[in-house]
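**Q** Sharing a structure below in structure tokens format, with a few things to ask.
The values are calculated or read from the model by the stated rules, or taken from the named source; none is laboratory data. Please read these numbers as outputs of a predicted model, since none were measured by experiment. For neighbour counting, all protein chains shown are included, and Cβ atoms are generated from backbone atoms with ideal geometry for every residue, glycine included. These accessible areas exclude ligands, DNA and RNA; they are computed on the full protein's heavy atoms, side chains included. Shrake-Rupley method; radii C 1.70, N 1.55, O 1.52, S 1.80 Å.
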Amino acid sequence: MADDLLILPQPLQRPTAKPASQSVQGQAGTPGPSFDSLLNQQLQGNGLRFSKHASLRMQSRGIQFNANDLGRLDQAVRQAGAKGCRDSLVLLDSTALVVSIKDHTVITVTDKEQLKGNLFTNIDSAIIA
């Protein structure tokens, strides 16, 4: 009788996407949320976002901001907005960020090593935070 048993393959089902609130640590080999989405989740409280380009720069250069740094950056963006600025260069310790004030978005990030000889264009203000 065992030879008469016919086993049909089960239809393949696509894995369901993890909610963004779940931890990055999942099953081995299962990709978690992207760095960009995690970073933007952390920043939603103050309304500041990082562009994909800025996130990639931070990741490749090992640039990290703690809560205090993000608070100072947010304060600088608010100050610039109150003065009518559109695109600002924000100097935060040894890091320079170009920020779209209107969109509350960090466009690019550079560290101390990259600052030398760098030319910042399309900005209308600079803030030392």
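**Q** Rounded to two decimals, what is the ratio between the C-alpha radius of gyration of the range 68-110 and 2.2 N^0.38 Å?
**A** Relative to the rule-of-thumb radius for its length, the range 68-110 sits at 1.01.
**Q** Sort out for me the Cα centre separation of the range 106-129 from the range 62-96, rounded to whole Å.
**A** Value for the Cα centre distance between the two parts: 11 Å.
**Q** Tell me the per residue accessible area of the range 60-115 using a 1.4 Å probe; a whole number in Å² is fine.
**A** 53 Å²
**Q** I've got another one for you. I want to check the label-to-label distance for GLU113 and SER60. Put each point 7 Å from Cα in the C-beta direction and report it in nm to one decimal.
**A** Placing both labels 7 Å along Cα→Cβ, they lie 1.3 nm apart.
**Q** Here's another thing I want to ask about it. Show PHE65, PHE50 ordered by accessible area, largest first, where the area counts protein heavy atoms only and the probe is 1.4 Å.
**A** Largest accessible area first, the list is PHE65, PHE50.
**Q** Also, I was wondering about something else. Between SER94 and SER125, with labels modelled 7 Å along Cα→Cβ, what's the label distance in nm to one decimal, could you check?
**A** 2.8 nm
**Q** Right, another one. Roll a 1.4 angstrom probe over the protein heavy atoms and tell me the percent of accessible area of the range 56-129 that is carbon or sulfur.
**A** 47 percent
**Q** Taking only the alpha-carbon atoms of the range 49-129, what semi-axes of the equivalent ellipsoid follow from 5 times the gyration tensor eigenvalues under a square root, in whole Å, largest first?
**A** 18, 14, 12
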